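Q: Below are the C-alpha cells for one structure; questions will follow.
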Amino acid sequence: MTPHMHLYILASGSKGNAAVVEGPEGSVLVDCGLSRRELHRRADVVGCDLGRVCAVLVTHEHGDHTSGLSVICNHFDGPVYATAGTAGARAHLTRLPFTLVDHDCTLQLGGMTIHAFPLSHDVADPMCFRFEVFEDGELADAIAWATDTGKLTNEALELLQGCRILGIEANHDSQMLATGPYPGYLKARVAGTRGHLSNDQAAEALPLLVTDDTETIVAMHISQKNNRPSLAARALADAVDARFVEGSKTEARTKDGLLTVCVSSQDEPLVIW
Ligand SMILES: [Zn+2]
Ligand SMILES: [Zn+2]
C-alpha cells in the first residue's frame with residue numbers, strides 16, 4: 001500500500017481523545033474530548049489543517065470522547081455522525097445536530113470509504129471505523145483503530161485486518177490494574193468484556209490483524225494509572241517480533257524494517273504518514 005491518507009492522533013487516553021484522518025479530498029475528525037483551543041493548538045503543532053475537516057465521527061458518549069463536541073459543533077457546518085444510542089445517551093449531547101447512523105454503516109467522506117464496526121463497551125451503542133482509499137477500483141490504503149472495547153467483536157477483527165496503519169487499545173497492564181489505585185468495582189469494569197483491552201489482549205490479537213500490508217502498529221488509550229507506554233510497546237513489539245529502536249523504550253521495528261510499533265499519548269500529538 002502507498003500512503004493516500006495520514007493519521008493525526010491529537011490525544012489518546014482517559015483524559016481526552018481526538019484524531020484526524022486526512023484523506024485525498026478532505027479530513028475527518030474522530031471524537032473530540034479536547035477543548036477547541038487545545039484541539040487547534042495540537043493540530044498546529046503537527047501541521048494538521050483542521051480547515052480540511054469535512055465531517056466529525058463520534059465513537060461513543062464518554063466525556064473523554066465528547067467533552068469538546070458542543071463547542072466544535074458551534075463552529076462547524078458539516079455533518080456530525082453518531083449512533084442513535086450515543087446521541088441520546090447524555091444531556092449535553094441531545095441538543096447537538098447529529099446525523100444518525102448505524103454502527104455498521106458505510107460512509108463516503110473526503111475521498112475515503114469509511115466502514116463503521118461495533119465495539120464492546122459499557123455505553124449505549126459504540127462504534128469505531130476503518131478508512132479506505134481506492135485507486136482504479138483497487139484498495140490502495142487502509143487505516144483503522146479500535147479503543148474503548150473490552151473485547152474485539154467479530155466485526156472489529158474483520159475490519160482491523162490488513163491495514164497499513166493499525167491502532168489498537170493497550171489500556172492497561174493487568175498486573176498494574178490488579179494492584180493499582182482503582183477501587184474494586186472500577187478494576188472489574190476496566191478489565192471486563194465491556195471495559196478496555198489490556199496490553200496482553202492487544203498483543204494476542206495482533207497475529208490475526210497484521211498482514212504484509214501493515215507498516216505501523218500504534219498502541220492507543222494507554223492508562224496513565226494502570227500502564228506505562230514502555231509496557232504497552234513491549235507487549236505489542238513482542239507479538240510481532242520487533243526490537244526496540246536504540247535509545248527508545250516505546251518505538252520498535254522488525255528486523256526487515258518494514259513494521260514499526262509505536263505508542264500514542266495523552267499529552268503529545270502523534271502523526272503517522
Ligand atoms: Zn475513552
Ligand atoms: Zn469509553
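Nothing in this text is a laboratory measurement; each read-out follows from the coordinates by a stated rule. Computed from a predicted structure; not experimentally measured. Positions of Cβ are generated from backbone atoms using ideal geometry, with glycine treated the same way; all protein chains shown enter the neighbour counts.
Q: Hey, any idea what the orientation-averaged projected area of the convex hull of segment 42-81's Cα atoms comes to, in nm²?
A: Averaged projected hull area, Cα only: 3.2 nm².
Q: Further question on the same structure: Counting only DSSP beta bridges with both residues in segment 6-272, what percent are antiparallel, rounded to the nearest 5?
A: 60 percent
Q: Next question, about the same structure. What number does segment 54-176 give for Rg over Rh if you use C-alpha atoms and the Kirkwood radius?
A: 0.98
Q: Regarding segment 6-272, what's the average projected area of the Cα-atom convex hull, expressed in nm²?
A: Hull-based average projected area comes out at 13.6 nm².
Q: Taking the Cα centre of segment 113-173 as origin, sum charge times position over the Cβ atoms of Lys and Arg (+1) and Asp and Glu (-1), and report the length of that vector in debye to the nearest 20.
A: Dipole of segment 113-173, to the nearest 20 debye: 120 debye.
Q: Multiplying the sequence separation of residue 75 and residue 179 by 0.36 nm and subtracting their Cα-Cα distance, what value in nm do you get?
A: Here the answer is 33.1 nm.
Q: Using Cα-Cα distances under 8 Å and only pairs 6 or more residues apart, what relative contact order does the chain have, in percent?
A: So the answer I get is 18 percent.
Q: In nm, to one decimal, how far is the residue 139 label point from the residue 193 one, both placed 7 Å along Cα→Cβ?
A: Using points 7 Å along Cα→Cβ, the separation is 2.7 nm.
Q: Could you list the residues of segment 39-61 with an amide nitrogen less than 20 Å from a label point located 7 Å from the Cα of residue 99 in the Cα-to-C-beta direction?
A: In segment 39-61, the label zone of residue 99 (backbone N under 20 Å from the point 7 Å along Cα→Cβ) covers 50-61.
Q: Let me ask something additional. Using per-residue counts of other Cβ atoms within 10 Å, averaged over each peptide, order 17-29, 131-143, 75-87, 95-107 from highest down.
A: In decreasing order of mean packing, 17-29, 131-143, 75-87, 95-107 become 17-29, 75-87, 131-143, 95-107.
Q: To continue, here is another question. Please find the FRET efficiency linking residue 45 to residue 2, where r is the Cβ-Cβ separation and R0 is fixed at 30 Å, and quote it to the nearest 0.05.
A: Step by step, r from the Cβ atoms, then E = 0.70.
Q: Which length gain, in nm to one decimal place, applies between residue 225 and residue 208 when the Cα-Cα distance is subtracted from 0.36 nm times their residue separation?
A: 3.3 nm
Q: Applying the Karplus parametrisation 6.51 cos²θ - 1.76 cosθ + 1.60 with θ = phi - 60° to the phi angles of segment 123-129, what ³J(HN,Hα) value in whole Hz is obtained for each residue in order, glycine and proline being reported as x?
A: Per-residue couplings from phi come out as 9, 5, 7, x, 8, 9, 9 Hz.
Q: Right, here's the next one. On the first, second and third principal axes, largest extent first, how far apart are the outermost C-alpha atoms of segment 143-273 in Å?
A: Between the extreme Cα coordinates on each principal axis of segment 143-273 lie 44, 37, 25 Å.
Q: Then there's this: Tell me, what are the semi-axes, in whole angstrom and largest first, of the equivalent ellipsoid of segment 199-238 as set by the roots of 5 times the Cα gyration tensor eigenvalues?
A: 20, 10, 8
Q: Show the residues, 5+ positions off or on another chain, whose built amide H is closer than 5 Å to the amide H of residue 109.
A: HN-HN under 5 Å from residue 109: 114.
Q: Which net charge results for the neighbourhood of residue 96, defined as the other residues with beta-carbon distances under 15 angstrom from its beta-carbon, given Lys and Arg at +1 and Asp and Glu at -1?
A: 0
Q: Moving to a separate point now. Consider just the alpha-carbon atoms of segment 151-211 and return their Rg together with their Dmax, both in angstrom.
A: Both quantities, over Cα of segment 151-211: 13.0, 39 Å.
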